[in-house]
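Heads up, the thing below is written out as structure tokens.
The values are calculated or read from the model by the stated rules, or taken from the named source; none is laboratory data. As the structure is a computational prediction, the values presented were derived from the model and not from experiment. No Cβ is skipped: glycine too gets one built from the backbone with ideal geometry, and neighbour counts run over all protein chains shown. Surface accessibility is based on the protein's heavy atoms, side chains included, excluding ligands, DNA and RNA. Shrake-Rupley method; radii C 1.70, N 1.55, O 1.52, S 1.80 Å.
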Amino acid sequence: MSRSDNISVLEGFGTAVNSGHLDELGAFVAAGSVDHDPAPGQGPGPEGYEEMFGEMRRAFPDLHVEVEHVMATDDEIAFAYTITGTHLGELMGHTPTGRTVSYRGMQISRFEDGKMVERWGSSDQLGMLRQLGLTP
């Protein structure tokens with residue numbers, strides 16, 4: 001696959017997350033995909049992403065991931081992003097605060113045959129929790 005093909009896969013993944021159509025993630029993530037930095041309790045493959053983003057969307061119904069910078073090779077994409085949302089549902093055992101968040105992250109994804117097969121990444125979860133008033 002080409003760089004542009006892989007960027008299209010990444011864009012499809014992002015659209016599924018931002019729209020809440022998480023059942024579409026299987027079209028963009030390989031069944032055996034490995035997340036090297038999974039969220040607590042996140043399982044493998046597209047189901048793991050569905051679970052993780054499902055939890056995030058329940059906590060932040062207006063969750064939005066905005067990709068800000070992309071660099072790509074023939075099989076890998078690195079990108080920086082900002083996540084925004086309003087805390088209206090339970091998050092990690094915490095009741096909703098009604099506060100909005102905006103925090104950054106970076107990710108590297110590897111692709112084979114038009115699907116993501118590996119992911120490395122990090123989001124500023126501590127910054128998110130601070131914005132919600134859930135940690136000092």
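Residues in region 126-136 that are in a loop (DSSP other than H, G, I, E, B) and open to solvent by 20 Å² or more (accessible area, probe 1.4 Å) were compared, and the one that is farthest from Phe53 (Cα to Cα) is Pro136. Just one residue in the set Ser2, Ser8 is farther than 17 Å from Gln107 by Cα and among the polar types (S, T, N, Q); that residue is Ser2.
So which of Ser122, Ser109 ends up being over 19 Å from Asp62 (Cβ atoms), under 12 Å from the mean Cα position of the chain (by Cα) and open to solvent by 70 Å² or more (accessible area, probe 1.4 Å)?
Details: Ser109 fails: open to solvent by 70 Å² or more (accessible area, probe 1.4 Å).
Every option except Ser122 fails the conditions.
Residues in region 20-44 that are in a helix (DSSP H, G or I) and either open to solvent by 50 Å² or more (accessible area, probe 1.4 Å) or modelled with pLDDT under 95 (or both): Asp23, Glu24, Ala27. Every condition in (1) within 22 Å of Ser8 (Cα to Cα); (2) without any contact (Cβ under 8 Å) to a residue 12 or more places away in the chain; (3) among the charged types (D, E, K, R) holds for Glu51 except the one numbered (1).
Pairs meeting the criteria (first residue in region 20-41 and free of Cβ contacts under 8 Å to residues at least 60 places away in the same chain, second residue open to solvent by 60 Å² or more (accessible area, probe 1.4 Å) and not in a loop (DSSP other than H, G, I, E, B), beta carbons under 6 Å, at least 6 apart or on different chains) are Leu22/Glu50; Leu25/Glu50.
For region 121-136, what are the residues that are touching a residue at least 40 places away in the same chain (Cβ under 8 Å) and out of contact with any Leu (no Cβ under 9 Å at 6 or more places or on another chain)?
Within region 121-136, Gly121, Ser122, Ser123 meet the criteria.
For Glu68, the stated conditions do not hold, so it cannot be described as surrounded by 13 or more Cβ atoms within 10 Å (Cβ to Cβ) and among the acidic types (Asp, Glu). In this structure, does Met1 turn out to be at pLDDT below 95, open to solvent by 80 Å² or more (accessible area, probe 1.4 Å) and within 24 Å of Leu126 (Cα to Cα)? It is false that Met1 is at pLDDT below 95, open to solvent by 80 Å² or more (accessible area, probe 1.4 Å) and within 24 Å of Leu126 (Cα to Cα).
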